[in-house]
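K.L.:
Handing you this structure, nothing more for now.
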Amino acid sequence: MSWYGMSTENYFMGRIFLYSIHRCNHYRRSSYCNLSCSFFGYSTTDCCTLLISASNANSHTFCKSCKICNGMACKNTVPGPGAKGLGTGFIRNYQKWQELCVNMDTICENGPADTTFDFFGHQLTIPVMAGPVGAMQLHYGDKYDDLTYNDLLVTACAKAGILAFTGDGTNPAVMEAAVNAIGENHGAGVTTIKPWNQELVMQKMDMAKKCGAWAIAMDIDGAGLPFLKNLTPPAGSKTVEQLKEIADYAGVPFILKGIMTAKGAEKAVKAGAKAIIVSNHGGRVLDQCPATAEVLPEIVDAVGKDVMVLVDGGIRTGMDVFKALALGAKGVLIARPFVNMVYGGGEEGPAVLVAKLKAELEDTMLMCGAHSLAEIDRSMVR
């Protein structure tokens, strides 16, 4: 008996491993996680692979749960988890991180690597957050709907020492469930609102403010999503003045996701955004965009002193996180891999991924001579 090429033994060994993740999460120590993995004969990476296989068994309709999530197997699959058109936006995002090399330098002080990230006064274990994902049953399979996915992800990420950006949708219950989950986790989350008409945006902002979310985001790049088009009143692109009205109303840091040019970043700052996310929506809204890694340095140079710059798109490992920080980002968002971890391991799945990312980031930092996130700079990549 097997699940999509994974033996019954491996499936259940992966599930058994999750029990040990509770302790790993409690101690916030990747070394403990590695010890737990080795007890079962698996590395942390192997356990992530097991959960991806379990995800494949559970969400087979669209997402293939590839071992390497690089967009090659899901070109032109919208609906579905892939990218628009030729799929170059997704594929290029992944490839450009792989083309960057890190510069090893161990002639430095010997000491531990501190991966702690300050997110507007809140300490996260690593500079990684789960990205917003919506329409789960349309894109990933029927195991979870948007309500249950957001609820599970927010709680799992909070337990793992990071936070999640929640998705939004045409069903009002999606936002209601998202803000409830964030409220139950003492505000540890970011509500993400689509660029609806201004009146609806303000209504959803009121919901987000009541739950005590640490920040509120808008994925302005969602303007290219099919379900936002032809709505009455119209949804989509926003002017600087409209965004300023939203940012002023937020009452907490307002984050704009979907910035791909220095000019766009400058407009976001003018609108009052406290953080921006360099993102092309995973290649899902416009084909043949540059990769986020390609435009990140120029955006950081333009506004990095004025606003927190985050980035997403094709980031899969702790080394990728290091590269993003070296190019000037303060933190990253990762979306599709967290979906696989949830579909494969439930609430315990994200902790496996967080532990893997933390171990990889620590290792890269120490081998490149950085003992804190602040010490990572462009001289460490090429």
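K.L.:
Note down the relative contact order for region 117-380 as a percent, whole number, built from C-alpha pairs under 8 angstrom at least six residues apart.
P.N.:
Details: 508 pairs, mean separation 42.9, N = 264.
Relative contact order, region 117-380: 16 percent.
K.L.:
Let me ask you something else. Using Cα centres only, tell me the gap between region 332-361 and region 56-134 in whole Å.
P.N.:
10
K.L.:
If you filter region 174-242 for trypsin sites (Lys or Arg not before Pro), then keep DSSP loop positions with at most 12 other Cβ within 10 Å, what is left? It would help to have the intermediate numbers written out before the result.
P.N.:
Working: sites: 204, 209, 210, 229, 238; in loops: 229, 238.
When the trypsin sites (Lys or Arg not before Pro) of region 174-242 are filtered for loop state and at most 12 Cβ neighbours within 10 Å, 229 remain.
K.L.:
Could you give log10 I(q)/I(0) at q = 0.11, 0.14, 0.21 Å⁻¹ for region 124-213, computed by the Debye formula over C-alpha point scatterers of equal weight, without solvent?
P.N.:
-0.27, -0.44, -0.96
K.L.:
Continuing with this model, one more query. Which of 333, 357 has the fewest other C-beta atoms within 10 Å, and how do the rest follow up to the most? Write down the numbers at each step before the final one.
P.N.:
Details: 333 24, 357 30.
Listing 333, 357 from fewest to most nearby Cβ atoms yields 333, 357.
K.L.:
May I pose another question? Nothing charged except the Cβ atoms of Lys and Arg (+1) and of Asp and Glu (-1): what's the magnitude of the dipole of region 289-382 about its Cα centre? Round to the nearest 20 debye. Provide the component values of the computation, followed by the final result.
P.N.:
Working: 9 positive and 13 negative charges, 21 e Å.
So the magnitude is around 100 debye.
K.L.:
Express the relative contact order of region 193-237 as a whole percentage, based on alpha carbon pairs under 8 Å and six or more residues apart in sequence. Display every interim value, and only then the final one.
P.N.:
Numbers: 46 pairs, mean separation 21.4, N = 45.
The normalised contact order for region 193-237 reaches 48 percent.
K.L.:
With θ taken as phi - 60° and the coefficients 6.51, -1.76 and 1.60, list the Karplus ³J(HN,Hα) couplings across region 113-120 in order, rounded to whole Hz; mark glycine and proline as x.
P.N.:
With the stated coefficients, region 113-120 comes to 9, 9, 9, 4, 10, 8, 10, 6 Hz.
K.L.:
Using only the Cα atoms, what convex hull volume per residue in Å³ does region 117-380 have?
P.N.:
Working: hull volume 30.0 nm³, N = 264.
Looking at region 117-380, the number lands at 114 Å³ per residue.
K.L.:
Next question. Quickly work out the residue 171-to-residue 231 label distance, labels modelled 7 Å from Cα along the C-beta direction, and quote it in nm with one decimal.
P.N.:
With each label point 7 Å from Cα toward Cβ, the separation is 1.6 nm.
K.L.:
Here's another thing I want to ask about it. If each residue's Cβ is checked for other Cβ atoms within 10 Å, how do 66, 157, 211 rank with the fewest at the top? Before the final figure, lay out each step's value.
P.N.:
Details: 66 15, 157 27, 211 19.
Placing the least packed residue first, the sequence is 66, 211, 157.
K.L.:
What ranking do 70-79, 317-326 get when scored by the average of other Cβ atoms within 10 Å per residue, highest first? Write out the running numbers ahead of the final one.
P.N.:
Working: 70-79: 17.5, 317-326: 24.7.
Ranked by mean Cβ neighbours within 10 Å, highest first: 317-326, 70-79.
K.L.:
Which of 186, 139 comes first, and how do the rest follow, when ranked by fewest Cβ neighbours within 10 Å?
P.N.:
Values: 186 12, 139 22.
Going from least to most buried by this count: 186, 139.
K.L.:
Which of the residue pairs 229/257; 209/270; 210/263; 204/270; 194/356 have a Cα-Cα distance greater than 29 Å in the structure shown? Working shown, then result.
P.N.:
On the way: 229/257 19 Å; 209/270 22 Å; 210/263 33 Å; 204/270 23 Å; 194/356 31 Å.
Cα-Cα > 29 Å for 210/263; 194/356; rest within.
K.L.:
What fraction of the DSSP beta bridges in region 117-380 is antiparallel, stated in percent and rounded to the nearest 5? Present the calculation step by step, with values, prior to reporting the outcome.
P.N.:
Working: 3 of 27 bridges.
The answer is about 10 percent antiparallel.
Each reported figure results from applying straightforward, stated rules to the coordinates on display, with no laboratory input. As the structure is a prediction and not an experimental result, all values here were calculated from the model. For neighbour counting, all protein chains shown are included, and Cβ atoms are generated from backbone atoms with ideal geometry for every residue, glycine included.
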